[in-house]
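This report concerns only the one structure given below.
The values are calculated or read from the model by the stated rules, or taken from the named source; none is laboratory data. The model shown is predicted, which means the values in this text are computed figures rather than measured ones. Neighbour counts run over all protein chains shown; Cβ positions are idealised from the backbone, glycine included.
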Amino acid sequence: MAGIAGIELGGTKTVVVLGHPGAIDLREEFPTTTPDETLSRAIATIRGWRGESGAPDAVGVASFGPIRVDRTAADFGVMLDTPKPGWAGADVAGRLAMELGCPLALDTDVNAAALAEHRFGAARGCPTMAYITIGTGVGVGVVANGAPVHGLMHPEVGHVRLRRAAGDGFAGACPFHGDCIEGLLSGPALAARFGRHPSTIAVDDPVWHAVSQDLAELLAMLLLTLSAQRIVVGGGVANRQPHLLPSALERLPGLLGGYLRDCTPETLTGICVPPALGDDAGPMGALVVGASAL
C-alpha cells in the first residue's frame with residue numbers, strides 16, 4: 001500500500017503528510033498564500049513523494065472554510081465566502097483531483113481534527129464530541145455517532161454571537177459579524193484586542209479575563225446545544241496559551257447555573273480538555289478523511 005496523502009489547508013499554514021490513519025510517515029509545512037501557489041506546492045510535494053513511496057492510494061483534504069462539503073453539489077470543494085483574501089471561489093477539490101489523479105475526500109479542518117481526536121485522541125469512546133480550533137480563525141467540528149456533522153453546509157459555530165463579558169467594549173475583528181466568537185477569540189482578534197501579539201501578554205494579565213469569559217460562554221453553548229460528551233479545545237492559539245482553558249473552566253459552572261447536574265466543577269475538567277494529538281490533530285484528520293475515499 002502506497003499510503004494516503006493528507007493536506008491540512010489552514011488559514012496561515014498548510015501541512016502535507018503521507019501515511020495512514022494513526023501514523024504520519026512524511027510531512028511538509030509551508031505558508032498558505034494564494035490558492036494557485038499553495039495548491040501547486042501541495043501537489044508538487046505529493047508528486048515528489050511518489051518516487052519514494054509510489055502513488056498515494058487516496059488524498060484527504062482538511063480545509064479552512066467555509067467550503068462546500070456536499071459531494072452532490074455542483075460546487076463541491078469550492079471555497080465560499082471566506083474572510084481570507086483571494087480564496088473565495090477557489091476550486092480546491094477540483095484542482096487537486098484533476099492533478100493528483102486518485103480518489104479524493106474533503107472536509108473542514110475542524111471536522112477532520114474532530115475525527116482524529118475521536119478515533120485516536122482525547123475523545124475516544126465518546127459518540128458525541130466537538131473540537132474547537134482557536135487559531136487564525138475559530139471553528140468547531142462536530143462528530144455525532146462517529147460521523148462528522150454536515151447539513152446545509154457544515155457547522156459555522158465560530159460566527160455565532162454570545163453574551164459578552166460585563167464591561168468588555170472590544171468591537172470584535174470579524175469582517176462579517178464584528179464580535180462573533182471568531183471576532184473575539186481568533187489570533188488576529190486577540191492582536192487587535194490587545195494591540196500587540198498575544199504571546200507578549202503575561203498569563204496573569206487581567207486582559208485575559210474577558211477572553212476566558214468568552215471561551216467559557218462558547219463551552220456552555222456547546223454543552224447545552226450538543227450535549228457533547230467531550231469538547232476538545234485546540235488550535236494554535238489554544239495550544240500556545242494553555243492557561244485559557246483552565247481559566248474558562250473556572251467560570252463555566254457559574255454560566256451553567258447548576259442546570260446540568262452531570263457538569264460539576266470536577267467533571268468539567270474531564271469533559272473540556274486539550275487535544276491529545278496536539279498540532280497533529282489536523283494532519284492526522286486529513287488522513288482519516290482520505291481513508292474514507294477508498
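Listing for the model above:
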read-out: Elements of type helices (runs of 4 or more DSSP H) in the stretch 209-294, at least 1 residues being in the same structural domain as Leu184 (by TED's automatic domain parsing) and among the polar types (S, T, N, Q); value: 236-240, 244-256, 265-271
read-out: Residue in the stretch 20-70 that is farthest from the chain's Cα centre (by Cα), counting only those that are of a type in the set (Gly, Ala, Ser) and either buried (at least 18 other Cβ atoms within 10 Å of the Cβ) or closer than 16 Å to Gly10 by Cβ (or both); value: Ala58
read-out: Qualifying strands (runs of 3 or more DSSP E) (wholly inside the stretch 1-57; at least 2 residues being in contact with a Pro (Cβ under 8 Å, 6 or more places away or on another chain) and of a type in the set (Val, Ile, Thr)); value: 13-20
read-out: The listed residue being out of contact with any His (no Cβ under 8 Å at 6 or more places or on another chain), in contact (Cβ under 8 Å) with a residue 24 or more places away in the chain and not charged (D, E, K, R), out of Met129, Met79, Met98; value: Met79
read-out: Long-range neighbours under 6 Å by Cβ, at least six apart or interchain, first residue under 11 Å from Ile7 (Cβ atoms) and without any contact (Cβ under 8 Å) to a residue 40 or more places away in the chain within the stretch 26-49, second of a type in the set (A, V, I, L, M, F, W, C) and surrounded by fewer than 20 Cβ atoms within 10 Å (Cβ to Cβ); value: Arg41/Phe30
read-out: Sole residue being surrounded by fewer than 19 Cβ atoms within 10 Å (Cβ to Cβ), closer than 21 Å to Cys272 by Cα and more than 20 Å from the chain's Cα centre (by Cα), chosen from Val203, Val160, Val207; value: Val203
read-out: Among the candidates Glu156, Glu117, residue that is among the acidic types (Asp, Glu) and not assigned by TED's automatic domain parsing to the domain that holds Leu219; value: Glu117
read-out: Filter result (under 18 Å from Gly11 (Cα atoms), assigned to a helix (DSSP H, G or I) and free of Cβ contacts under 8 Å to residues at least 40 places away in the same chain) within the stretch 190-206; value: Ala191, Ala192
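Here's the yes/no breakdown for (1) basic (Lys, Arg); (2) surrounded by 13 or more Cβ atoms within 10 Å (Cβ to Cβ):
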residue	(1), (2)
Pro148	no, yes
Leu152	no, no
Arg164	yes, yes
Gly169	no, no
Cys180	no, yes
Arg196	yes, no
